[in-house]
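Enquirer: Below is the structure I would like to discuss, written out as structure tokens.
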Amino acid sequence: MKSDSAFTEIEGIVGRCGRRNAFLGFAPAYILYATSFADVLDEDTGAGYQRPRDRSHSMNFKHYISQPDSSTIPLTFNLRKDLKKHWCILPSNRNATLRLSRTVPCLAQVDCQHRLGELQDEDIPLAFMAFIGLDLRSEMAMFTIINSKARGLSSSLTDYHRSNLIDDLAAEVPELFIARRLNEDPKSPWFRLIRYGGKSTSGLKRKTSLRMMQKAIRRFLNQTRYLQTHEPASLLTLLLDYWHSVANVFDGEWRNHRSSLITKGVGLYALTQLLGTVVAKFKDRELTEAFFADVLTPLKTQLDWGTHGTFSNAGGHKGANEAHATLKRLLKL
């Protein structure tokens, strides 16, 4: 391996991994750390796709890899097309040489963020594989395939990746399409309040997760078969009107969601089921925000959404079903 202030050269081989071109090599950990980056999802801008690094996970790996007789599977990177001016692969006597810029990190970390995260000063040699020229969509798909069952990886984050990889999301996974729209539409009461599993400056304000919202909508669809007679756009309008009415009727609970169950699993699922009940009972009525508010208002004085209130002992799907039954009984539906 050669290195100076401008670039680093790593000798290795080029071949095929499945149907993708890849470079295989070995390099000290500090070199791989300095020439790579993790593209962490920023929920505020939508840029990136990985979860934030868990420092304790990285420290545990550093401790392990520093022990005698330790080893690990190869780290996985991608040499991105849009960074091509900062890297190249040259023929060499043995097979190939990877030349990397020392000033602009150009190895995108696909499966190694936590292993490499605390090795910036370590010269421990590590094996690595770098896919050659995957575009961002393909890289994200590769990350999802490798990590979808990984311990600690948010299910909402894999759902988010999946939503970016499906061409016609509204037709194929309508509940995921609607869940994302609820979070990304500025007119939605859920705007930027649904966690995707990345990092965000407004993280503490998030009320629920993408996975939970998606599951709530799926329960509604199974309950009503709504999309057999309506388009996804109609469902989005229905949900926007309904949740606006929920946020207005229970305004205090909605604002102080950290001490309320209204947007936790039990509240989210029970209120979404309640919407299904209302849709079925009043199918001949115009289901507007004002109508939903009239339906929900009697509940304001009949139950307590606090963490020590009416549904404090309700848990899981069974608890949500029981909470839904309570809401129906109070409204005489």
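Enquirer: Residues that are surrounded by fewer than 21 Cβ atoms within 10 Å (Cβ to Cβ) and under 21 Å from Arg195 (Cα atoms): does the range 93-100 have at least one?
Expert: No.
Enquirer: Now, a different point. Go through the range 207-255 and report how many residues are surrounded by fewer than 18 Cβ atoms within 10 Å (Cβ to Cβ) and touching a strand residue (DSSP E or B) at 6+ places or on another chain (Cβ under 9 Å).
Expert: The total comes to 1.
Enquirer: Suppose we filter Leu236, Leu240 for residues that are assigned by TED's automatic domain parsing to the domain that holds Asp294, within 24 Å of the chain's Cα centre (by Cα) and within 26 Å of Thr301 (Cα to Cα); which single one remains?
Expert: Selected residue: Leu240, the only one of Leu236, Leu240 that is assigned by TED's automatic domain parsing to the domain that holds Asp294, within 24 Å of the chain's Cα centre (by Cα) and within 26 Å of Thr301 (Cα to Cα).
Enquirer: Checking Ser259 against (1) farther than 19 Å from Pro189 by Cβ; (2) within 31 Å of the chain's Cα centre (by Cα), which test does it fail?
Expert: Evaluating Ser259 over (1) farther than 19 Å from Pro189 by Cβ; (2) within 31 Å of the chain's Cα centre (by Cα) leaves (1) as the failure.
Enquirer: Restricting attention to the range 289-298, does a residue exist that is in contact with a His (Cβ under 7 Å, 6 or more places away or on another chain), assigned by TED's automatic domain parsing to the domain that holds Gly252 and modelled with pLDDT of 90 or more?
Expert: yes
Enquirer: Within the range 154-180, restricting attention to residues that are acidic (Asp, Glu) and at pLDDT 80 or above, which residue is surrounded by the fewest Cβ atoms within 10 Å (Cβ to Cβ)?
Expert: Filtering first and then ranking leaves Asp167.
Enquirer: Here are the criteria: (1) in a helix (DSSP H, G or I); (2) at pLDDT below 90; (3) of a type in the set (D, E, K, R). Tell me which single one Lys283 does not satisfy.
Expert: Result: Lys283 fails condition (1) only.
Enquirer: Would the range 193-204 turn up any residue that is outside the structural domain of Arg51 (by TED's automatic domain parsing) and in a helix (DSSP H, G or I)?
Expert: Among the residues of the range 193-204, at least one is outside the structural domain of Arg51 (by TED's automatic domain parsing) and in a helix (DSSP H, G or I), which makes the answer yes.
Enquirer: For Phe311, state whether it is over 15 Å from Tyr269 (Cβ atoms) and among the aromatic types (Phe, Trp, Tyr).
Expert: Answer is no for this residue.
Enquirer: Anything in the range 74-92 that is surrounded by 12 or more Cβ atoms within 10 Å (Cβ to Cβ) and farther than 13 Å from Ile132 by Cβ? List them, or say none.
Expert: Residues satisfying the conditions are Pro74, Leu75, His86, Ser92.
Enquirer: Then there is this: Which condition breaks for Ala29 when tested against (1) out of contact with any Ser or Thr (no Cβ under 6 Å at 6 or more places or on another chain); (2) modelled with pLDDT under 90?
Expert: (2)
Enquirer: Just give me the residues in the range 298-333 being in a helix (DSSP H, G or I), loosely packed, with under 13 Cβ neighbours inside 10 Å and β-branched (Val, Ile, Thr), in sequence order.
Expert: The answer is Thr301, and nothing else.
Enquirer: Have a look at Leu261, Leu239, Leu274 and point out the one that is at pLDDT below 95 and of a type in the set (A, V, I, L, M).
Expert: Of the residues listed, the single one that is at pLDDT below 95 and of a type in the set (A, V, I, L, M) is Leu261.
Enquirer: Go through (1) over 21 Å from the mean Cα position of the chain (by Cα); (2) buried (at least 19 other Cβ atoms within 10 Å of the Cβ); (3) modelled with pLDDT under 85 for Cys106 and report which single condition fails.
Expert: So Cys106 meets the others, but not (3).
Enquirer: Under 8 Å between Cβ atoms, which residue pairs at least 6 apart in sequence (or on different chains) link something in the range 310-329 that is touching a residue at least 12 places away in the same chain (Cβ under 8 Å) with a partner that is part of a helix (DSSP H, G or I) and polar (S, T, N, Q)?
Expert: From the range 310-329, the pairs are Thr310/Thr326; Phe311/Thr326; Ala320/Gln273; Asn321/Gln273; His324/Gln273; His324/Thr277; Lys328/Thr277.
The values are calculated or read from the model by the stated rules, or taken from the named source; none is laboratory data. Note that this is a predicted model, so its numbers are computed, not measured. Because the Cβ atoms are built from the backbone with ideal geometry, glycine has one as well, and the counts that use them run over all protein chains shown.
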